[in-house]
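Only the coordinates and a few stated rules stand behind these numbers; no lab work does. Model, not experiment: these values are computed from the prediction. So basically every Cβ, Gly included, is an ideal-geometry build from the backbone, and we count neighbours across all protein chains shown.
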Amino acid sequence: MPSAWFGPCPHCNASLSYLEGVTGSNMSPKCPSCHAVVPVSRATFLSADHSRLSLTPKARTRVKSQ
C-alpha cells in the first residue's frame with residue numbers, strides 16, 4: 001500500500017516528499033536538489049516539497065531597475 005511522509009534530505013537538508021510504493025519508485029532515489037542518492041528502506045519516489053516554508057531563509061536578490 002502506498003504511503004507518504006515529509007522529511008529533509010540527509011545531504012543538503014532540502015524539504016522532500018517521500019512517496020513509498022508508488023509507480024516510478026526505486027531503492028536508490030536521488031534528491032531533486034543535490035542529486036545525491038538518498039538511503040531508503042522501501043522503494044521510494046522523491047519529490048521537492050514546496051508546500052511549506054523552508055527552515056533556512058533564501059538569500060535576497062535585487063531586481064535591477066531600468
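Quick notes
- Extension gain from C12 to M27, taking 0.36 nm per residue of separation minus the Cα-Cα distance: 3.5 nm
- Summarising the amide proton neighbourhood of E20: residues at separation of 5 or more, or on other chains, whose placed amide H is nearer than 5 Å comprise S3, A4, W5, F45.
- Neighbour-count ranking [beta-carbon atoms within 10 angstrom, fewest first] of R62, R42: R62, R42
- In plain terms, the residue of V63, V38, V22 with the fewest other Cβ atoms within 10 Å comes first and the most crowded comes last, giving V63, V22, V38.
- Considering only alpha-carbon pairs that sit under 8 angstrom and 6 or more positions apart, the relative contact order computed for the stretch 3-48 is 38 percent.
- Of all DSSP bridge pairs formed entirely within the stretch 3-48, close to 100 percent run antiparallel.
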